[in-house]
Amino acid sequence: LQAINAKICRCKENDIGKIIKEMKNLILVLIVFITLSGAAKSQIAPGSFKIEFRNEVLGGKVFTIMFYKKDNMVKFSRSENGKTFTTLIDYSANKYYDLIEDKGIKGNKYNSINYTNITGMWHILYNGLNETVRGWEHLPGQQIVAGKMCDVYDSGKPSVGGAKMQYFFYGDIMLKMDKLGHLIEAVSVDDAPVFADDEFEIPAGVTWLFEY
C-alpha cells in the first residue's frame, strides 16, 4: 500500500511539474507578445499632414477636429463651449499628453502610447487599420474624399439600428468614417504642410493632474 501511495505521489509531482513548465512557457510567450505589441504602437509611418475634419453626431451637433502630423509627432485639437481639447503624441519618446485649456491649462501624462485609447477618444484612425477594420470587406475601386483617392472598408453587416459602417483610408490615415449617428469627414488635406516651430511643443504653465 505504501508503495502504491508513493507511486501516486510521484505521478502527482510529475503532473504539477509539467503544469508549472507549461505556465512558464505561456508567460514567456505573453511577455514576448506584449513587448512586440508595445513596439508596434511606438512606430508610425513617416510624412507630414494637416487635415481638417468635420465631425457631426446625432442631433446635428457639428464641430471641427484638426489633425497635425510631422514625422514622429502627432496632434489632435478641437474647441467646444469655450474649451480647447488637445492630444499631443510623441512617437520618438513613446509618450502622449491630453490637455484641456479653460482658464488655464490642465493635462495628463502617459508614459506609453495607447493607440486604442487615443483613437477611441478622437474616432480617427491615423496609423493604419485596427484589428476590427482589418477584418472588414475591402470594397473594389476607390472613392474621393477631400480630393484624395481612398480605399473603402465596409463592415459587411448591420450595426446598431441596422446600418453598416464604412471607413475611407488615404494610405494609413482615415479620411472618413460613416456610421449610424456619427459622421467624420475630411474637408481639406495638406500633405506638405509648414508648421510653426512650437506646433508640437507642450505649452508652458500646464497643471499636471495625473501621470500614467
Please work out the FRET efficiency for the pair residue 201 and residue 180, using the Cβ-Cβ distance as r and a Förster radius of 35 Å; give the result to the nearest 0.05. 0.35
Residue 109 versus residue 121: modelled label distance in nm, points set 7 Å from Cα along the beta carbon direction: 1.6 nm
Taking H as built 1.01 Å from N, whose amide H comes closer than 5 Å to the amide H of residue 105, not counting residues under 5 places away? 207
Pop out the carbon and sulfur fraction of the accessible area of the stretch 98-174 as a percent, whole number, probe 1.4 Å. 49 percent
For the stretch 63-105, what is the largest minus smallest coordinate of the Cα atoms on each principal axis, given in angstrom and ordered from greatest to least? 32, 21, 9
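Just to make sure I understand: if all protein chains stay in place, what is the order of 175, 139 by accessible area at 1.4 Å, largest first?
Numbers: 175 0, 139 40 Å².
These residues rank, largest area first, as 139, 175.
Can you give the alpha-carbon Rg of the stretch 118-212 over 2.2 N^0.38 Å, where N counts its residues? Write out the running numbers ahead of the final one.
Numbers: Rg = 16.6 Å, N = 95, 2.2 N^0.38 = 12.4 Å.
In units of the globular-protein estimate, the stretch 118-212 measures up at 1.34.
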Past the 19 Å Cα-Cα mark, which pairs from 61/179; 83/106; 75/95; 70/103; 50/109? 70/103; 50/109
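Counting heavy atoms of the protein chains only and a 1.4 Å probe, report the per residue accessible area for the stretch 68-194 as a whole number of Å².
Values: 6450 Å² over 127 residues.
Heavy-atom accessible area per residue stands at 51 Å².
The values are calculated or read from the model by the stated rules, or taken from the named source; none is laboratory data. Owing to the predicted nature of the structure, the values given are computational and were not obtained by experimental measurement. Positions of Cβ are generated from backbone atoms using ideal geometry, with glycine treated the same way; all protein chains shown enter the neighbour counts. Ligands, DNA and RNA are excluded from the accessible area calculation, which covers all protein heavy atoms including side chains. Shrake-Rupley method; radii C 1.70, N 1.55, O 1.52, S 1.80 Å.
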